[in-house]
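To start, the structure under review is shown below, and the notes come after it.
FYI, it's all coordinate maths here, none of it is from the lab. Source: prediction; values computed, not measured. In this analysis, Cβ positions are derived from the backbone assuming ideal geometry, glycine residues included, and neighbour counts consider all displayed protein chains.
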Amino acid sequence: MEKKNLDWANLGFGYMTTDYRYVANYKNGAWDKGGLTDDPTVTLNECAGIFHYCQEIFEGLKAYTTEDGHIVTFRPDLNAVRMMDSAKRLEMPPFPAERFLEAVEEVVKANAAWVPPYGSGASLYVRPYMFASSPVIGVKPADEYQFRILVTPVGPYFKGGVHPLTICVSDFDRAAPHGTGHIKAGLNYAMSLHAYVTAHQNGYDENMFLDPATRTYVEETGGANFIFIDKEGTLVIPKSDSILPSVTRRSIAVVAKDILGMKVKERPVKLAELSDFAECGVCGTAAVVCPVGKVVDHGREICFPSGMESMGPVIQKLYDTLTGIQMGKIEGPAGWVHKIM
Ligand SMILES: *Cc1c(COP(=O)(O)O)cnc(C)c1O
């Protein structure tokens, strides 16, 4: 298999049409056999449920090449289960986890020429998603759905070095109590875009959303979970029912506890205690962990001791260990690195 002729190390995070995508359709109460197609276009009825009542969910994971030349994904079973949980919450038919895993394998294998080579820092972003495809005008769940997986090569996140983020405490809310913050649905992103654009216009990289009920506890950013390191070196993870359960964050918790022997506490984290922490980061599939240098709460600056130049030492260790496991250089828990070919 010959790789595509791309400048792997200089790719950004954008969409590029690749050779194949996976499609399955749900109709008359069942998922069809599904399979690959080379057609990147989706044609839908003007009244399809996705357009009107926004029944859509998605996932995100990466396929990449390890040092010994294998193409692998990282804990795709957690994405499969999370997507089933998201589907149930939006009254959509869950796409079975085993089929999700098979479909990821099939589409990554078919696009092996698009999987960046080892050492480039780039990866193949895998985006499973599902939407209501049949007409709906009265408010109710649709009868038919389409599940798809597209893949697109993306560049290294830390191109040109690590730059700790400056984050502002948002005046907007992300997820209501007992709402949909814990599922991966497009609707959570639609309403976060205004906050995101506003933060950028004001010179910030990202938002820190607070719990909407009391606006005293830290939730997450628009698309990444927070982690904190306290002055004793404990990993502190904000706990809330409306935070999206990040695969990266859950993996970091295991790495911290079982591999690095750190103390890990998952508990509600008050905005008022941020200045007590030594380090802060945000985590998700794209960056793994990105350090946060500063949080600004309406003019009040909370500067973490780790500063604006580099990752703090503990987050650096978590980052190195987790990426080492992902790349097959450090032995991690069984089943984390999932070999595709
Ligand atoms: C996808 C996502 C994350 C990160 O989750 P990972 O599984 O680590 O990629 C965090 N927050 C939100 C809101 C997300 O949608």
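Annotations for the structure displayed:
- From least to most packed, judged by other beta carbons within 10 angstrom and beginning with the fewest, Lys184, Lys109 follow the order Lys109, Lys184.
- Rg and Dmax, both from the Cα atoms of the stretch 244-297 and both in Å, are 12.2, 35.
- Selection from His194, Gly155, Ser251, by position along the positive dipole direction of the chain (Cβ): Ser251
- Whole-Å semi-axes of the stretch 35-188's equivalent ellipsoid (Cα gyration tensor): 29, 22, 14
- Computed log10 I(q)/I(0) for the stretch 1-126 at 0.12, 0.15, 0.20 Å⁻¹: -0.54, -0.82, -1.29, from the Debye equation with unit scatterers placed on every C-alpha and solvent omitted.
- Working note: 222 nm ellipticity from helices only, DSSP H runs with n ≥ 4, each -39,500 (n - 2.57), summed and divided by the residues of the chain, gives -6000 deg cm²/dmol to the nearest 500.
- For the stretch 6-54, the spread of Cα positions along the three principal axes, ordered from largest to smallest, is 45, 27, 14 Å.
- Computed P(r) (all Cα pairs; the stretch 165-326; 5 Å bins; percent): 2, 9, 20, 23, 22, 15, 8, 2, 0
- The chain: relative contact order as a whole-number percent, Cα under 8 Å and 6+ apart: 19 percent
- The mean sequence distance of close C-alpha pairs (under 8 Å, at least 6 residues apart), as a share of the length of the stretch 165-326, puts its relative contact order at 24 percent.
- Mean projected area of the convex hull spanned by the Cα atoms of the stretch 170-222, taken over all viewing directions: 3.5 nm².
- Entry for the chain at q = 0.09, 0.14 Å⁻¹: log10 I(q)/I(0) = -0.50, -1.22, Debye formula applied to identical alpha-carbon scatterers, no solvent contribution.
- DSSP-defined antiparallel bridges as percent of all bridges, the stretch 165-326, nearest 5: 65 percent
- Sorting Arg89, Arg148 from the fewest to the most surrounding beta carbons within 10 angstrom yields Arg89, Arg148.
- Under 18 Å from the Ala113 label point (7 Å along Cα→beta-carbon), backbone N, the stretch 1-30: 1-8, 16-22
- For the stretch 244-267 versus the stretch 85-138, the spacing of their alpha-carbon centroids is 25 Å.
- Along each principal axis, Cα extent of the stretch 107-215, largest first, Å: 46, 45, 22
- Above-threshold pairs, the threshold being 26 Å between Cα atoms, out of Lys263/Lys339; Lys3/Lys27; Lys159/Lys265; Lys33/Lys62: Lys263/Lys339; Lys3/Lys27; Lys159/Lys265
- Packing here is the average count of other Cβ atoms within 10 Å per residue, and on that basis the peptides 286-298, 263-275, highest first, run 286-298, 263-275.
- Dipole magnitude for the stretch 119-254: computed about the Cα centre from +1 point charges on Lys and Arg Cβ and -1 point charges on Asp and Glu Cβ, it is near 360 debye.
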